[in-house]
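Below is one structure, written out as structure tokens; the observations come after it.
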Amino acid sequence: MKGFCGRYLEVDLENGSISEKPVAEEVFRAYVGGTGLGAYLLAKEMDPTVDPLSPQNPLMFLDGPLTGSNFPGSGRSSVVALSPLTGLWGECNVGGSFGAAVKLAGFDGVVFKGKAERPVFLWLDGDKAELRDASHLWGLDTYQTNDRLQRELRGDGGPVRTMQIGPAGENGVRFAAIVNDIGSVAGRCGLGAVMGSKNLKAVAVRGGGRMGYADPERAREVRKAVAEKLENSILAGTLHEMGTNGALDTGMLSGDIPVKNWKLGEWMEALDTLNSFYYNDHILVKVVGCYACTVRCKRVVKVEQGPFAMEEHAGPEYETVCLMGTNLMNPSLEAVAKANDLCNRLGMDTIAMGSVIAALMEAQERGMVGREDTGLDFSWGNMETALEAIRLTAAREGFGERMAAGSRVLARELGAPELAVTVRGLDFPAHDPRGFHGYGLAYAMGARGACHLNSTNLLIEGGMGSWPEIGLKGPYKGMTSKGKAELTWKCLAVGQLFNSLCMCEFIGAFLSLNDQVEMMRAATGFDWTLDELMQCGWRIWYLKRHILNLRGSGRNDDVLPPRALTPTEEGANAGSVPNMERMLAEFYELAGLDEEGRVPPEKIEL
């Protein structure tokens, strides 16, 4: 193996057949891997117009060329399918060790088609694959499933890495997640529901091979240089010490934090008990990292006692602290940790679940729903209700049946679509385009909807990094729309590249893009240049956009929700809203889209 294995495993769940499928070198050269490879396979070899919950919707677990290597930040992998939440293109980028295990088993990914007659899981032991009965696992939460599989499969053969769904995925919750081992989550777009619709409970992998490099000596040199840069990086050190939640204080001060379902511009009191200093002092147990990562930013937490007591498990990231904290007017970090743990166990996206709860809290405040409708008291900050709402949603029980459809559908049913803060049906992450206007354009033009990872605006416009080699030097003023189309056009290309490399975007922010090029050249032997890789990024984005067009999405969906275009009266972003008309016009010209937002045929390369 030298970056690529040149093959993926195709599993037909309907007839139980498992076969190897080759991938030509030129496909990797053009689409890199990860989500780029997923877009290529969906558009070229499958039907991108099927119902997301039909057996015909493929579910793909895909690696990038650096996955399984010892380069820092390369421990991630991609999950791709059509999204049951949005009805459009769906993708996730997930950390942990699962992707590396698949690569070290000798494959660039696993693609599932069809639907099994009864619950099954895939056991990939080295290059030997078989489908096994999962009836005894059906109904278990994700942590219980991982524990059971570890006991059944580990034996004397080394570690087993798992991806599994919980009850939410089994029950078809539209924002169900897939969990890697314990705590690394492929959370967005509801791909856990796709997995459940196929009666696929889990994928378990033991990789028995070793990563190869086209130029081993160069790989050692590049790895050493990259590790030294990270060791000397103040930002990387801060991420290790504070985790992603270290952004909470600066976010509140810069107008980047959602408060009260995105209605308020600040809530300074919440910082006393939600910030990373409190986090480290009160619930943190230890710090861990993804495969091969030297930064190690992931948190393991425990709440010893009280109504939100929880066992030692994965801790909440920044997004969850905001969507289950500030956006619900909840100042209790312990309650956030409990909500995060419950969502992880049941298998649901904390961003989407928090957004549903926030919509209902606002709806109750406005008299649109009451306890007689929901059976719960959705007062602001009521976390006992929030936890019960999580349980009901995963089970699709009572009012949970309506919550399971997601915030956009629920808000429309309540007659108040403005309660949902989404683009293309995907809920906003915890970054406010009223504070950083380019974020709004990135959300509107992102392939999967409101996403801070499809484009690297968060890293560049938000001030975490700079890439002068492509003309992105900064610093950039957040609350202006001038120049943000060109910035976003370049950031979109890099974002697509990272998601296809399956490279951690934090690590990418701390390094130069030329470092990325050197890692890829050493691993694959391809003589890629930075310009060629930028072209790969745009090629991948065009293909994903083409899939959106095929599903009826274009200029009609390139819009922000009303809440994001309503200025706040307090905080750093008071009075500021992005000029979407200007930014979209400039972006369309750069991208060459027609008036309906369609990709010109000459940009589609298959």
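The values are calculated or read from the model by the stated rules, or taken from the named source; none is laboratory data. Computed from a predicted model, the values in this text were never measured in an experiment. Virtual Cβ from ideal backbone geometry, glycine too; neighbours counted across all protein chains shown.
Below, the figures for the structure above:
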item: Test: residue in region 438-455 that is polar (S, T, N, Q), closer than 21 Å to residue 593 by Cβ and buried (at least 21 other Cβ atoms within 10 Å of the Cβ); result: yes
item: Yes/no for residue 170 being touching a helix residue (DSSP H, G or I) at 6+ places or on another chain (Cβ under 7 Å), modelled with pLDDT of 95 or more, charged (D, E, K, R) and outside the structural domain of residue 558 (by TED's automatic domain parsing); result: yes
item: Helices (runs of 4 or more DSSP H) lying entirely in region 479-552 (those with 1 or more residues that are over 26 Å from residue 602 (Cα atoms)); result: 505-510, 513-524
item: Yes/no for residue 501 being among the aliphatic types (A, V, I, L, M) and surrounded by fewer than 24 Cβ atoms within 10 Å (Cβ to Cβ); result: no
item: Filter result for the condition that a residue is surrounded by fewer than 16 Cβ atoms within 10 Å (Cβ to Cβ), at pLDDT 95 or above and not β-branched (Val, Ile, Thr), over 133, 156; result: 133
item: Residues of region 145-172 that turn out to be outside any loop (DSSP other than H, G, I, E, B), more than 26 Å from residue 210 (Cβ to Cβ) and either among the aliphatic types (A, V, I, L, M) or in contact (Cβ under 8 Å) with a residue 24 or more places away in the chain (or both), as a count; result: 6
item: Positions within region 228-286 being outside the structural domain of residue 336 (by TED's automatic domain parsing) and touching a Pro at 6+ places or on another chain (Cβ under 7 Å), in sequence order; result: 230
item: Meets criteria (at pLDDT 95 or above, in a loop (DSSP other than H, G, I, E, B), on the phi > 0 side of the Ramachandran plot and more than 15 Å from the chain's Cα centre (by Cα)) for residue 449; result: no
item: Region 106-162, residues that are out of contact with any helix residue (DSSP H, G or I) (no Cβ under 9 Å at 6 or more places or on another chain) and of a type in the set (Val, Ile, Thr); result: 120, 145
item: Helices (runs of 4 or more DSSP H) fully within region 180-268 counting 2 or more residues that are under 23 Å from the mean Cα position of the chain (by Cα), closer than 20 Å to residue 72 by Cα and touching a residue at least 40 places away in the same chain (Cβ under 8 Å); result: 234-242
item: Selection within region 58-95 - assigned to a loop (DSSP other than H, G, I, E, B), more than 21 Å from residue 505 (Cα to Cα) and touching a Phe, Trp or Tyr at 6+ places or on another chain (Cβ under 8 Å); result: 58, 83, 85
item: Residue among 54, 19 that alone is in a loop (DSSP other than H, G, I, E, B), out of contact with any Phe, Trp or Tyr (no Cβ under 9 Å at 6 or more places or on another chain) and of a type outside the set (A, V, I, L, M, F, W, C); result: 54
item: Cβ-Cβ under 9 Å pairs, at least 6 apart or on other chains, region 470-482 side within 19 Å of residue 493 (Cα to Cα), far side basic (Lys, Arg); result: 470/490; 471/490; 472/490; 476/484
item: Residue match in region 90-105 (condition: within 25 Å of residue 17 (Cα to Cα) and more than 21 Å from the chain's Cα centre (by Cα)); result: yes
item: Hits in region 187-211 (condition: surrounded by fewer than 24 Cβ atoms within 10 Å (Cβ to Cβ) and not small (Gly, Ala, Ser)); result: 199, 206, 210, 211
item: Given (1) surrounded by 16 or more Cβ atoms within 10 Å (Cβ to Cβ); (2) in contact with a helix residue (DSSP H, G or I) (Cβ under 7 Å, 6 or more places away or on another chain); (3) assigned to a loop (DSSP other than H, G, I, E, B), number of the condition residue 596 does not satisfy; result: (1)
item: Residue, surrounded by the fewest Cβ atoms within 10 Å (Cβ to Cβ), within region 331-371, restricted to residues that are part of a loop (DSSP other than H, G, I, E, B) and touching a residue at least 60 places away in the same chain (Cβ under 8 Å); result: 331
item: Some residue of region 568-578 being closer than 15 Å to residue 445 by Cβ, assigned by TED's automatic domain parsing to the domain that holds residue 435, assigned to a helix (DSSP H, G or I) and not β-branched (Val, Ile, Thr); result: no
item: Verdict on residue 86 being under 18 Å from residue 3 (Cα atoms), β-branched (Val, Ile, Thr), touching a Lys or Arg at 6+ places or on another chain (Cβ under 9 Å) and assigned by TED's automatic domain parsing to the domain that holds residue 165; result: no
item: Single unsatisfied condition, residue 179 versus (1) modelled with pLDDT under 95; (2) of a type outside the set (D, E, K, R); (3) touching a Phe, Trp or Tyr at 6+ places or on another chain (Cβ under 9 Å); result: (1)
item: Test result for residue 34, at pLDDT 95 or above and either over 22 Å from residue 538 (Cα atoms) or of a type in the set (Gly, Ala, Ser) (or both); result: yes
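Residue-wise test of (1) in contact (Cβ under 8 Å) with a residue 12 or more places away in the chain; (2) of a type in the set (D, E, K, R); (3) crowded, with 18+ Cβ neighbours inside 10 Å; (4) in a helix (DSSP H, G or I).
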position: 281; (1), (2), (3), (4): no, yes, no, yes
position: 286; (1), (2), (3), (4): yes, yes, no, no
position: 291; (1), (2), (3), (4): yes, no, yes, no
position: 296; (1), (2), (3), (4): yes, yes, no, no
position: 299; (1), (2), (3), (4): yes, yes, yes, no
position: 305; (1), (2), (3), (4): no, no, no, no
position: 321; (1), (2), (3), (4): yes, no, yes, yes
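Conditions (1) aromatic (Phe, Trp, Tyr); (2) more than 19 Å from the chain's Cα centre (by Cα), marked per residue:
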residue: 359; (1), (2): no, yes
residue: 380; (1), (2): yes, yes
residue: 410; (1), (2): no, yes
residue: 423; (1), (2): no, no
residue: 431; (1), (2): no, no
residue: 434; (1), (2): no, yes
residue: 444; (1), (2): no, no
